[in-house]
Amino acid sequence: MCPTVMGRLETRVATLVLPAILAMVLSLLGGEPGWIVTIGIFLLMGVALDTTLYPRIIKWQPPWLTFVLAVGEFALLFALLKVLKPGHLGYGAPHVIYAAADLKPIALYWISWSLAVTTRIVILPFVSLSWIEDGGEFRVTGWSVSPPMEFVPLIAAPSDDAAPGALLREFSAVHTIPQSAAKEALTSVHRRPA
């Protein structure tokens with residue numbers, strides 16, 4: 001896929017809808033705002049990367065690069081979560097490099113990434129059939145000028161009395177058969193003399 005900058009942004013927002021719903025439900029049920037804030041930081045970080053870094057270093061994105069970018073984004077998001085401290089001690093311990101509470105944002109990231117990739121592969125082609133060909137953008141394609149209003153060019157047609165030229169006869173399947181070739185059979189099946 002060769003996504004445009006706008007295509008990357010639109011695709012990122014569209015694929016983070018299900019993770020945002022999941023994080024909202026977890027935030028409401030658990031009373032920890034860190035879940036939804038993490039998805040917001042993930043979205044803002046992705047928008048920053050999609051508009052500044054990715055257009056400069058990625059000209060064509062093969063499928064394997066998606067996972068490599070996910071690992072890099074995970075490391076960056078994990079560092080941002082440690083600095084910004086979006087949750088309480090039960091969500092992610094900001095003062096420790098790694099703690100049991102860090103399993104929650106780690107699990108949220110990889111579940112969100114899996115949901116985003118599944119959305120991109122399964123759901124988005126149904127939403128817009130030309131989504132991949134449009135560089136990841138959701139746009140309405142159509143005629144810039146309606147078909148009845150387009151000018152049709154005049155086509156020059158040969159006159160009826162014009163004979164085909166020698167070059168045309170040479171490359172066509174219509175040839176005169178020489179008399180010597182017409183006498184010989186072209187197959188291996190011959191009559192036996194009596």
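The values are calculated or read from the model by the stated rules, or taken from the named source; none is laboratory data. Since this is a predicted model, take the numbers as computed values, not measurements. Ideal geometry is used to build each Cβ from the backbone, glycine not excepted, and the neighbour counts take in all protein chains shown. These accessible areas exclude ligands, DNA and RNA; they are computed on the full protein's heavy atoms, side chains included. Shrake-Rupley method; radii C 1.70, N 1.55, O 1.52, S 1.80 Å.
Per this entry, Leu26 is not counted among residues that are closer than 29 Å to Gly135 by Cα and either open to solvent by less than 30 Å² (accessible area, probe 1.4 Å) or at pLDDT 90 or above (or both). Taken over the range 89-121, residues that are small (Gly, Ala, Ser) and at pLDDT below 90 amount to 6. Restricting the range 122-152 to residues that are modelled with pLDDT under 70 and open to solvent by less than 100 Å² (accessible area, probe 1.4 Å) leaves a set whose member that is nearest to Met6 (Cα to Cα) is Thr141. Restricting attention to the range 45-59, the residues that are part of a helix (DSSP H, G or I) and touching a helix residue (DSSP H, G or I) at 6+ places or on another chain (Cβ under 9 Å) total 8.
Residue-by-condition table, conditions (1) in contact with a strand residue (DSSP E or B) (Cβ under 6 Å, 6 or more places away or on another chain); (2) modelled with pLDDT under 90; (3) acidic (Asp, Glu):
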| residue | (1), (2), (3) |
| --- | --- |
| Gly7 | no, yes, no |
| Glu10 | no, yes, yes |
| Leu16 | no, no, no |
| Pro33 | no, yes, no |
| Ile41 | no, no, no |
| Leu44 | no, no, no |
| Thr52 | no, no, no |
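In this structure, does Ile57 turn out to be modelled with pLDDT under 80 and loosely packed, with under 12 Cβ neighbours inside 10 Å?
No, not satisfied.
Counting the residues of the range 60-70 that are outside any helix (DSSP H, G or I), open to solvent by less than 40 Å² (accessible area, probe 1.4 Å) and touching a residue at least 40 places away in the same chain (Cβ under 8 Å) gives 1.
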